[in-house]
């Protein structure tokens, strides 16, 4: 038995140098890339990651293996990739949540401890929805009514998640809502339908049926600019509520990755988004438009967003 | 069941409950909108408190029974309950250690190599000594074959297993 | 409706590829379900990406096939190895295993498969015909209603405690303790995380369950002792389907009752379909004429568990298809399957994608029949597992469990959890602390706290607000009535003897 172990060990030692990949920017990638999606399979980030991976891997000529590390709002995945070898073969898919987690102190690092590569897709807009028979037609109506009836109307928000940003901003704008917890976005729809809550933030593609059947209506979008698909709906920012965000699905690499590798991946993504007709077709069927930001603007976007969030970080952290 | 042992179990759970309650004190309570009546401390304190009470009941109940049996049956000493690690105990302990080693090597050596090593070690551990020679070749082939098969199967099914020297 | 159904079946049988894909789905589901450590959710998340390129109808048909196969497959390892293959078949072990030890593995498997089939079918019928009604009921459930249901389920633990009520409750509390590790509901406060990012995400059900049952079983079997509880069964006989018509007849009420329990639990998002088998088991035990025999190998226990767990399938599909709400891990992945095809289930799904919906219905019926055929066909093969020598079988089970635990989130931490709970399970067995209450406490701990605290939040801190919620009150009345009746029944029986 000892002999067997010995020979096994010998074989593995002997073959090691042959397999261990030499990583330099010029021949990157020469082996499969591990793409860590910070959310579970089937969600928006996962879908976008898979759609992009399919075309980027054609572009790069190497397979991309996708792993979902969905626990704890994506913080586990971020920590895993942060500590991974910066050889260009581990890539993280994350979005806004990494900034919210940093601002609320759930994680003790920020996006800046990773190397942002590129924004490769933009999820459908988050909106503020209420039941169609609600007496309000704008955010201002809601705020005014809630001041007359403090604590009567219920708004859902989750601690340490982007929705809490909305709640804090609304209260800061003068609203006197009862901010309650709801769980994931899927749970908010029945709560609103069943009169358990009165105002919910939700991604617009999840409530399309309810808008068509006249069960729900939209008071505002949460995007930073008016959305091309909902041109008549004002944003929260326009309504005087200091909160605006988009879910930008973004590739990150471990900090210390060769900038040339980062640039290579970003260019490949840019090429797919700009010029690949079958990718565009696939994304549009999902209700999105192709979207891309190169490394520099991506970094700026995350820096800006984090700065905005840090302004309310004390409330996010529960200090007053 | 032996009452002394039951008292021991009760004491264990009482200590656990006490530690758990002590730990609950350091949970930061956080109420950004001032509307939650119960904080995150409340339920742990309920659970810990209930467990402490129940374990005291368990200890007391068994202490009473112990007293009764001792007075009625002074000679009935429970022999042979002393904990001995026999061959079976060692086998269990080694199994646990092998599993730990396997998990430790899982991401370091990669799936295939760590699985081959684990299967070899665990199979040789569990097989009765007299059969070891006859099964040796089967075990070696089986471990290698199964590891490679599982690796190919699961990675084909879009699942990520740790890549290693042989992956 | 009939035409739509016809079209649904026609869509499946129009191409041999479709039939093959569903067959593959059901078989893969059964295999994943039957192997300890690998679960339905793991199978679904592995196959989901493969269905990206297919049409909506067939991809969902294949996924529901996996769902049905996976939920049914768990009974095999529960009965033969005393390791529940999935959380859905924990209660199947209680009587399935003693039956197998008595040499009646064939009977336990046979009746289990049949009940899985009937449970699935009953729930599909409910799904097809009364889902709008049931969906309207779903949205009536807010925090207080969910809280009441959770308390009801927690109270049922008392009938799973075994010899000592006190130790049973302690075990349930231990489960609730384990569930509190990680981020708290509502305010995401860190609890018992010791500044470890791994502990912050808490323990998932898989390592807890697989550790407590499978790994602890492997470790104790590895001692090589000839202890009757841990040795592997080797004698068995199978005739026909394994059970007699008379046996089936005596179980009809049980099958229907437990199918409805499963259906109900499946419909309510947020309770967790994996508790259905345990709840059905305890209800059956409490209302039985011979509760003392449960656990010693009566088919009632297997029937209860297996009809209930399969009935959650149709139940969980109702809020998914009519409201777009996933009730558990499996349906969350099915929702993903819809979204990937640019379709969000909701009230208009039947209008916008009616053809696909009826193809899914047809596929579910087809899959249930396929499941039954494959499992009866494989039954003789399954029992051959018992002929595999322990020194080959046990190490392989460990490998599969570790793959399964690792697969969920690619976290080695979950594999360590497996060992931790394996040793815990071993110690609990040694010192006579029952394991099932721990599992139920673990699963229900989180909804208990979340819904209680949410209810208080929604009512601005007024606990008496629960009185304004008739459905919640009804569950409390039901609870009192249930235990009252059980006690009364017991008294009457004692008088007779």
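Could you list, in sequence order, all residues of the stretch C:381-394 that are without any contact (Cβ under 8 Å) to a residue 12 or more places away in the chain, assigned to a helix (DSSP H, G or I) and at the interface with chain B (Cβ under 10 Å from one of its Cβ atoms)?
C:391, C:392
Can you confirm whether the stretch B:27-34 contains a residue that is within 14 Å of chain A (Cβ to nearest Cβ) and modelled with pLDDT of 75 or more?
Yes, the stretch B:27-34 contains at least one residue that is within 14 Å of chain A (Cβ to nearest Cβ) and modelled with pLDDT of 75 or more.
Considering the stretch C:173-185 alone, what residues qualify as being facing another protein chain (nearest Cβ under 7 Å) and assigned to a helix (DSSP H, G or I)?
Result: C:173, C:176, C:177, C:180.
How many residues are crowded, with 24+ Cβ neighbours inside 10 Å and more than 20 Å from the chain's Cα centre (by Cα) when one looks only at the stretch C:105-137?
Residues flagged as crowded, with 24+ Cβ neighbours inside 10 Å and more than 20 Å from the chain's Cα centre (by Cα) within the stretch C:105-137 amount to 2.
With the requirement that a residue be part of a helix (DSSP H, G or I) and either in contact with a helix residue (DSSP H, G or I) (Cβ under 8 Å, 6 or more places away or on another chain) or surrounded by fewer than 24 Cβ atoms within 10 Å (Cβ to Cβ) (or both), what does the stretch A:164-190 give you?
If the condition is that a residue be part of a helix (DSSP H, G or I) and either in contact with a helix residue (DSSP H, G or I) (Cβ under 8 Å, 6 or more places away or on another chain) or surrounded by fewer than 24 Cβ atoms within 10 Å (Cβ to Cβ) (or both), then A:164, A:165, A:168, A:169, A:170, A:171, A:172, A:185, A:186, A:187, A:189, A:190 are the ones that fit.
Determine whether residue A:250 is within 30 Å of residue C:325 (Cα to Cα), touching a strand residue (DSSP E or B) at 6+ places or on another chain (Cβ under 9 Å) and in contact (Cβ under 8 Å) with a residue 60 or more places away in the chain.
For residue A:250, the condition - within 30 Å of residue C:325 (Cα to Cα), touching a strand residue (DSSP E or B) at 6+ places or on another chain (Cβ under 9 Å) and in contact (Cβ under 8 Å) with a residue 60 or more places away in the chain - is met.
Can you go through C:100, C:78 and tell me which one is in a helix (DSSP H, G or I), farther than 28 Å from residue A:45 by Cβ and more than 16 Å from the chain's Cα centre (by Cα)?
Result of the check over C:100, C:78: C:100.
Quick one: in the stretch B:116-134, of everything that is within 7 Å of another protein chain (Cβ to nearest Cβ) and modelled with pLDDT under 95, which residue is farthest from residue B:98 (Cα to Cα)?
Going through the qualifying residues, I end up with B:127.
Given the conditions (1) over 20 Å from residue C:444 (Cβ atoms); (2) at pLDDT below 90, report the number of the one that residue C:273 does not fulfil.
(1)
Only one of A:76, A:33, A:11, A:64 is away from chain C (no Cβ under 14 Å) and either modelled with pLDDT of 65 or more or under 15 Å from the mean Cα position of the chain (by Cα) (or both); which?
The unique qualifying residue is A:33.
Looking at the stretch C:346-380 only, could you name the residues that are out of contact with any helix residue (DSSP H, G or I) (no Cβ under 7 Å at 6 or more places or on another chain) and surrounded by fewer than 19 Cβ atoms within 10 Å (Cβ to Cβ)?
C:351, C:352, C:369, C:373, C:377, C:380, listed by residue number.
Test residue A:257 against the stated conditions and say whether it is assigned by TED's automatic domain parsing to the domain that holds residue A:113, touching a strand residue (DSSP E or B) at 6+ places or on another chain (Cβ under 6 Å) and in a loop (DSSP other than H, G, I, E, B).
Judged against the criteria, residue A:257 is a match.
Starting from residues that are closer than 20 Å to residue C:459 by Cα and not in a loop (DSSP other than H, G, I, E, B), keep the ones in the stretch A:152-163 and report whichever is nearest to the other protein chains (Cβ to nearest Cβ).
Checking each candidate, the answer is A:154.
Within the stretch C:396-410, can you find the residues that are touching a residue at least 60 places away in the same chain (Cβ under 8 Å) and either surrounded by 24 or more Cβ atoms within 10 Å (Cβ to Cβ) or more than 9 Å from every other protein chain (Cβ to nearest Cβ) (or both)?
C:397, C:398, C:401, C:402, C:404, C:405, C:407, listed by residue number.
I'd like the residue in the stretch C:325-345 that is within 8 Å of chain A (Cβ to nearest Cβ), farther than 20 Å from residue C:58 by Cβ and in contact (Cβ under 8 Å) with a residue 24 or more places away in the chain and, out of all such residues, is surrounded by the fewest Cβ atoms within 10 Å (Cβ to Cβ).
C:326
Of the residues that sit in the stretch C:186-222 and are within 7 Å of another protein chain (Cβ to nearest Cβ) and assigned to a loop (DSSP other than H, G, I, E, B), which one is modelled with the highest pLDDT?
C:192
Only residues that are in a strand (DSSP E or B) and at pLDDT below 90: list them for the stretch A:203-242, please.
Correct list: A:203 only.
Could we say that residue C:351 is farther than 19 Å from residue C:69 by Cβ, more than 14 Å from chain A (Cβ to nearest Cβ), modelled with pLDDT under 85 and part of a helix (DSSP H, G or I) here?
no
Only one of these is within 16 Å of residue C:385 (Cβ to Cβ) and assigned to a helix (DSSP H, G or I): C:42, C:108, C:11. Name it.
Criteria check complete, one pass: C:108.
The values are calculated or read from the model by the stated rules, or taken from the named source; none is laboratory data. Since we're looking at a predicted model, the values are computed, not measured. Cβ sites come from the backbone with ideal geometry, for glycine too, and all protein chains shown count toward neighbours.
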